[in-house]
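Engineer: Please read through the structure below; I'll follow up with questions.
The values are calculated or read from the model by the stated rules, or taken from the named source; none is laboratory data. Keep in mind the model is a prediction, meaning the values are calculated, not measured. Every residue, glycine among them, receives a Cβ derived from its backbone with ideal geometry; neighbour counts consider all protein chains shown. Calculation scope for accessible area: heavy atoms of the full protein, side chains included, ligands and nucleic acids excluded. Shrake-Rupley method; radii C 1.70, N 1.55, O 1.52, S 1.80 Å.
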Amino acid sequence: MKSLTRVVAFGFIYLVFTSSNCSHWANEHEVVKLNVVQKNSSVFKNFLGINGFEWDLLGNINSSTDPNQVKVMQSFGAFRHYMDWERIEAHKGEYYFNPTHSGSFNYDAIYQACKENGIEVLDCMKGCPSWLLDTYPKDQRDVENVAAPFGSDHLNPASYIDQARAAFQYAARYGNNKNVDNALVYYEHSPYKDVVVKPIVGLGYVHYMECNNEVDRTWKGAKAHQSPQEYAANLSAFYDGDMGKLGKGVGVKSADPTMKVVMAGLAAPDTDYVVKMIEWCKQHRGYKPDGTVNLCFDVINYHYYNDDSKPGHDRTTGKAPELSLGGKYADDFVAMAKKYANNMDVWITEAGYDINPGSPQRAIKIGDKSPLITQADWILRSSLMYTRHGLKSAYYYMLDDAGSDQPGQYATCGFVDNGKKRPVADYFLQTKKLLGNYKYEQTISSDPMVDVYKNAAQKIYVIWVPDEVGRKAVYSLNLKGVALVKIHRLVVGADEMKTETAAVKNGKLPLEVDETPIFVEVN
């Protein structure tokens with residue numbers, strides 16, 4: 001028989017197991033250190049991101065935003081826009097944003113609404129336009145093909161010049177640089193001689209661009225898969241025109257040096273893929289004056305959906321984040337970034353749970369909590385976990401279901417159902433309002449989990465049971481010198497948490513908690 005004691009020191013949680021049967025233990029006390037960061041410089045709303053499309057803000061009117069859609073989007077701190085390349089370049093060399101020539105969408109309105117509502121935009125420029133796919137044989141045309149003409153050398157950055165030119169045009173319009181050379185910016189000339197049309201630059205709506213999505217995909221064969229070296233070559237063109245070698249008007253940084261380039265979210269959470277990209281940069285891009293590798297990306301990015309899979313065993317269901325491999329993968333990526341990439345920021349841009357009971361990625365019914373409530377609990381706790389493990393941003397898949405009538409994976413991960421928010425969207429909105437501008441400070445208990453967040457002199461304790469069986473626990477919060485606190489509880493179907501004031505007696509606040517986080521605010 002063994003018992004468990006928690007000790008917290010120097011930003012790490014130490015689990016001390018004491019056993020009365022030493023034949024099963026190397027030592028009487030075995031200490032396991034969990035890799036938990038001491039602080040996180042990123043505000044919590046950055047972990048409340050959502051994946052979606054242009055119509056998620058425009059509704060049925062492509063020329064302007066829909067107020068109801070914008071209100072739904074206010075639940076989130078960030079928006080990863082799945083933007084098909086063809087939208088802005090339906091015809092080679094012609095770039096349109098308001099309206100786009102493919103779909104007639106008003107991108108200006110979308111991004112302006114996001115900026116006005118404090119929602120950070122990550123543009124994920126993905127797929128291939130039809131004019132590029134036309135270079136492929138008919139039986140090999142797939143929108144997710146490598147972003148280069150058929151037969152091109154995927155290890156040569158010049159093969160990706162078309163995509164990099166489109167990235168320049170996008171960054172010129174929506175980035176922060178108001179001094180872009182107008183001669184390099186495409187604009188539709190007016191047929192009237194007395195009308196002067198100037199290109200629009202430096203709107204300041206978008207600060208992050210992602211070069212494609214899941215380029216490590218293996219399920220579509222060589223036409224769609226890129227090796228780490230091939231994708232690094234792709235990124236080098238996308239980033240800065242392969243250090244300017246591809247000429248003017250090519251690459252994101254050539255248009256706006258302040259815009260951050262995010263590498264494509266990897267389908268497999270494989271740190272070795274990124275390390276090989278870095279090695280390619282050493283060989284082909286060299287080093288900066290400060291001695292660091294001249295990398296062609298500013299943010300490391302991967303995808304992972306928390307489930308019960310283990311090495312050698314396929315998943316069968318979704319899993320509470322703390323009981324999955326999610327924390328380990330986050331630790332692996334943060335450690336890799338520290339060792340090889342000068343401590344570069346790491347993001348996760350796809351995660352989530354289905355609610356369909358036929359999916360191997362499903363959230364489960366727990367006691368009297370429906371899968372919808374479990375989905376809400378697990379996704380919010382995923383954000384708390386990723387903050388605690390040192391990531392800098394998290395985005396979830398996705399706003400609407402991909403297909404609610406389908407039992408397969410990822411079809412019912414939505415936060416919204418026919419325009420109505422699910423509990424997870426309610427939880428996000430409420431947490432964003434309360435905790436959005438706070439930063440993770442430390443963890444003082446692992447079961448129940450107690451994370452401490454701070455915003456200047458204000459402090460909030462987030463407390464929950466990290467389990468998936470409906471377990472409850474009593475925790476005594478040490479609040480010496482504090483007389484009163486506010487306790488905030490999440491509410492399904494509401495825009496605000498339920499708040500009560502509680503007195504602290506003798507420096508202790510006893511709390512009964514379960515698997516839904518509660519928030520104790522101390523001023």
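Engineer: Please tell me if VAL491 is assigned to a loop (DSSP other than H, G, I, E, B), surrounded by fewer than 18 Cβ atoms within 10 Å (Cβ to Cβ) and among the aliphatic types (A, V, I, L, M).
Structural biologist: In short, yes.
Engineer: Here's something else I'd like to know. Could you tell me whether segment 192-200 includes any residue that is in contact with a Phe, Trp or Tyr (Cβ under 9 Å, 6 or more places away or on another chain), crowded, with 17+ Cβ neighbours inside 10 Å and of a type in the set (Val, Ile, Thr)?
Structural biologist: No, every residue in segment 192-200 fails to be in contact with a Phe, Trp or Tyr (Cβ under 9 Å, 6 or more places away or on another chain), crowded, with 17+ Cβ neighbours inside 10 Å and of a type in the set (Val, Ile, Thr).
Engineer: Next question, about the same structure. Quick one: what pairs do we get from segment 144-155, first residue among the aromatic types (Phe, Trp, Tyr), second at pLDDT 95 or above and open to solvent by less than 30 Å² (accessible area, probe 1.4 Å), C-beta under 9 Å, 6+ apart or different chains?
Structural biologist: From segment 144-155, the pairs are PHE150/LEU132; PHE150/LEU133; PHE150/TYR136.
Engineer: With the condition being more than 19 Å from TYR174 (Cα to Cα) and either open to solvent by less than 10 Å² (accessible area, probe 1.4 Å) or out of contact with any Leu (no Cβ under 8 Å at 6 or more places or on another chain) (or both), I'd like the helices (runs of 4 or more DSSP H) fully within segment 67-153 carrying at least 2 qualifying residues.
Structural biologist: In segment 67-153, the matching helices (runs of 4 or more DSSP H) lie at 67-73, 130-133.
Engineer: Further question: Take the conditions more than 20 Å from the chain's Cα centre (by Cα) and at pLDDT 95 or above and apply them to TYR107. Does it pass?
Structural biologist: So TYR107 passes the test.
Engineer: What about THR412, is it assigned to a loop (DSSP other than H, G, I, E, B), of a type in the set (Val, Ile, Thr) and either out of contact with any Lys or Arg (no Cβ under 9 Å at 6 or more places or on another chain) or open to solvent by less than 40 Å² (accessible area, probe 1.4 Å) (or both)?
Structural biologist: yes
Engineer: Scan segment 315-353 for residues that are out of contact with any strand residue (DSSP E or B) (no Cβ under 9 Å at 6 or more places or on another chain) and open to solvent by 30 Å² or more (accessible area, probe 1.4 Å) and jot them down.
Structural biologist: LEU323, LYS328, ASP332, ALA335, LYS338, LYS339, ASN343
Engineer: Taking ALA402 and the conditions (1) farther than 25 Å from PHE519 by Cα; (2) surrounded by fewer than 19 Cβ atoms within 10 Å (Cβ to Cβ); (3) touching a residue at least 24 places away in the same chain (Cβ under 8 Å), which numbered condition does it fall short on, given that it satisfies the others?
Structural biologist: Just one mismatch for ALA402, condition (3).
Engineer: Check every one of the helices (runs of 4 or more DSSP H) wholly within segment 212-308 and list those with 3 or more residues that are open to solvent by 10 Å² or more (accessible area, probe 1.4 Å) and either in contact with a helix residue (DSSP H, G or I) (Cβ under 6 Å, 6 or more places away or on another chain) or aliphatic (A, V, I, L, M) (or both).
Structural biologist: In segment 212-308, the matching helices (runs of 4 or more DSSP H) lie at 228-240, 271-284.
Engineer: Please work out if ARG285 is in contact with a Cys (Cβ under 8 Å, 6 or more places away or on another chain), charged (D, E, K, R) and either touching a residue at least 12 places away in the same chain (Cβ under 8 Å) or farther than 28 Å from TYR170 by Cβ (or both).
Structural biologist: So ARG285 passes the test.
Engineer: Right, something else. Quick one: in segment 155-191, which of the residues that are at pLDDT below 90 and out of contact with any Pro (no Cβ under 6 Å at 6 or more places or on another chain) is least open to solvent (accessible area, probe 1.4 Å)?
Structural biologist: SER190
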